[in-house]
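Okay, structure first, notes after.
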Amino acid sequence: MFPSLRAIYRHRRRLAIFVVPWVVGLGIGVPLLWHQIGANAREPQIRNREETLSQGYDILGRALDRLGRDALFLADLQSRFGETTTRLAPLSAEIFQSFAASSPDYDQVRWLDNDGNERLRVNRRSGAEPVVVSSEQLQNKADQPYFRDTIPLPLNGLYFSALELNIDNGVVEVPHLPTLRVASPVFRNGTKQGIIVINYRATRLLERLKRLDRSVELYLMNQAGYWLQGPNADANWGWQLGASTPGPAEAEMLRAIGNGERGLFGSRGGVWNYRRFQPVASLLATGEVAERRAAGADLYLLARDSATAINDQETRGKLILGAVAAILAMVALAVTGRLANGMEAEAEWARQMEDTNKTLRDTNEKLSVTQRELARAERLSSLGLMVAGVAHEMNTPLGSAALVLSKAAKDLRLFKERLAAGLRRSDLDLYIADSDVSLDLVRDAIHRCTALVQRFKQVAVDRATLERRDIDLAAFIPDADPRLRKWDASAGVSLTVNVPDDLAITTYPGPFAQVLSNLLNNSLLHAFDAGKPGMIIIDVRRMGEQVLIEFTDNGRGINETDIQKIFEPFFSTARHSGGTGLGLHIVHQIVTEVLGGSITVESPPGDRARGTRFIIRLPRVAPARAET
């Protein structure tokens with residue numbers, strides 16, 4: 001604990017650098033921090049409010065982006081299947097009913113023609129089933145703002161109304177029903193066929209915003225300074241419930257916000273964070289929406305925390321500061337005594353660490369070279385299997401063609417003999433008929449061989465290049481590995497592949513095929529005991545904007561210790577059988593770094609055979625950065 005005088009003299013400067021901050025911090029810093037702790041305690045509150053604002057902004061954005069996409073989708077459906085005459089097509093009514101049933105928040109779904117006449121309206125209230133309104137109840141809405149502002153919009157244009165209480169026959173509906181209208185024009189063969197209008201009930205959306213964080217109060221204000229969801233529930237929807245202007249506090253807040261997109265300001269009500277929300281701004285940025293019109297649809301999200309929360313934070317901060325200061329003083333006394341002796345040995349440790357780091361760098365470089373060589377060997381082995389598979393596939397049509405040609409040659413000899421002996425019309429007809437059949441068989445065999453060669457050429461190009469293209473999974477997966485197209489069940493292992501017929505993705509075929517081939521090799525090498533039956537299942541299905549691939553076997557499974565290291569390089573439980581320990585590591589690297597997806601592995605614990613499942617999630621469109 002007590003250093004020698006020689007060590008103190010040698011390291012006096014470094015000791016001074018250590019001791020002086022302790023003296024300054026404890027003697028000067030602690031009193032200053034004590035007085036400033038109140039202000040400092042508010043910083044996490046600001047961050048907490050900003051996080052709550054971001055959550056609320058994301059919820060609003062996802063909800064209204066989905067609403068905008070639904071309106072564009074319904075307009076597109078109406079343009080494809082809707083009628084262009086005055087008679088209502090039953091298909092349109094079915095589509096509108098199904099669409100209204102798809103969301104509990106859609107109150108009304110309507111189609112208005114170019115004159116503002118309702119051609120079709122579906123009502124859905126209070127969770128009831130969607131009902132098609134009779135033609136006698138349809139109205140003309142040409143004087144409504146949502147019609148006037150939507151009808152001039154181009155294809156893929158969107159109109160968003162302000163969020164307000166629904167009005168029924170000129171009176172605010174009770175109980176109050178917050179409603180937002182979104183509309184989009186309908187075009188058919190370049191000709192405008194009217195507009196689609198959706199009434200969106202925002203009650204659940206507002207309740208979700210209110211319940212985000214109990215420590216932060218999250219409110220919603222429109223562009224005019226009226227509360228939609230404010231501190232005082234009686235002041236909500238004031239412009240519709242009798243208030244001619246916003247209150248003084250609200251006017252002050254609106255002036256503080258100005259035209260800013262986000263920020264922080266103080267008022268008599270406390271310190272607020274705010275953020276401006278513009279519906280479907282993200283859809284405009286991505287080009288999904290050509291033009292947006294919004295009649296006062298922009299909103300302000302405002303967040304504040306209560307005085308109780310701030311005081312609690314300040315009290316905790318001061319208690320923590322006092323405890324930390326006392327602990328630091330005691331630690332400083334103990335550490336200072338040991339520091340000089342520790343500095344004496346530091347130089348030697350630094351030299352040893354430098355030598356160790358150099359050795360590790362050399363070893364890591366050699367390891368990287370070995371890993372690249374083994375990965376190359378894995379790819380060449382996979383290509384060799386593919387060549388063998390294609391040769392096996394071509395053997396059948398070529399053999400059939402050879403047999404047919406042999407028979408055609410024999411028929412030709414017989415025809416010559418009959419020609420020399422005196423040809424009959426029936427002999428000529430029989431020879432022509434047999435020749436036609438033989439030529440068709442040979443032609444089919446050659447076409448099959450040509451198709452196999454084309455597929456092999458495409459697979460070879462995919463394996464040799466990193467080029468992103470569209471692939472149909474139902475056609476691609478059997479070509480990913482020759483064993484998937486012609487499975488050999490003689491070893492007792494069966495294979496089942498379930499792929500939807502109409503599922504296409506944009507990805508990198510070569511790396512994707514290598515993932516499937518490596519998983520197949522892994523199951524055949526590790527999962528099953530020799531001579532025992534088994535089963536491999538490959539399931540592919542959609543999951544929104546992703547594709548889910550489950551590769552399952554019912555083999556012996558993986559124990560809890562090994563499953564934690566299954567994707568590490570050079571980890572193998574079958575190295576005596578030729579395993580390199582790189583197969584699953586390469587799979588993980590390709591899925592996460594090239595294909596832009598994720599992969600997990602499951603193997604339920606237990607002593608019995610429980611099997612293994614690899615779960616791969618891939619985006620429908622692989623990231624473009626993988627092409628570099």
Based on what the data block shows, is residue 133 free of Cβ contacts under 8 Å to residues at least 24 places away in the same chain, in the same structural domain as residue 223 (by TED's automatic domain parsing) and in contact with an Asp or Glu (Cβ under 9 Å, 6 or more places away or on another chain)?
yes
Does segment 290-307 contain at least one residue that is modelled with pLDDT under 75 and among the small types (Gly, Ala, Ser)?
yes
How many of the residues in segment 207-220 are surrounded by 16 or more Cβ atoms within 10 Å (Cβ to Cβ) and either assigned to a helix (DSSP H, G or I) or in contact with a Gly (Cβ under 7 Å, 6 or more places away or on another chain) (or both)?
4
Considering 281, 243, which residue is within 25 Å of residue 51 (Cβ to Cβ), at pLDDT below 90 and not hydroxyl-bearing (Ser, Thr, Tyr)?
281
How many of the residues making up segment 214-250 are out of contact with any Asp or Glu (no Cβ under 8 Å at 6 or more places or on another chain) and over 25 Å from residue 166 (Cα atoms)?
3
In segment 38-48, is there at least one residue being assigned by TED's automatic domain parsing to the domain that holds residue 106, over 30 Å from residue 108 (Cα atoms) and at pLDDT 85 or above?
yes
Being among the aliphatic types (A, V, I, L, M) and outside any strand (DSSP E or B) is the filter here; which residues of segment 165-192 pass it?
174, 177
Looking only at residues in segment 234-279 that are part of a helix (DSSP H, G or I) and charged (D, E, K, R), which one is nearest to residue 200 (Cα to Cα)?
234
Checking residue 257 against (1) in contact (Cβ under 8 Å) with a residue 60 or more places away in the chain; (2) surrounded by 20 or more Cβ atoms within 10 Å (Cβ to Cβ); (3) more than 23 Å from residue 171 (Cα to Cα), only one condition comes out false. Which one?
(1)
Please find, among 572, 577, the residue that is modelled with pLDDT under 90, of a type in the set (S, T, N, Q) and touching a Ser or Thr at 6+ places or on another chain (Cβ under 7 Å).
572
Qualifying residue in segment 155-174 (condition: among the charged types (D, E, K, R), surrounded by fewer than 17 Cβ atoms within 10 Å (Cβ to Cβ) and modelled with pLDDT of 90 or more)
no
Boolean, residue 85 is closer than 18 Å to residue 194 by Cα and modelled with pLDDT under 95
yes
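The values are calculated or read from the model by the stated rules, or taken from the named source; none is laboratory data. Note that the coordinates shown come from a computational prediction; the quantities given were computed from them, not determined experimentally. Neighbour counts are summed over all protein chains in view; Cβ atoms, including those assigned to glycine, are modelled from backbone coordinates with ideal geometry.
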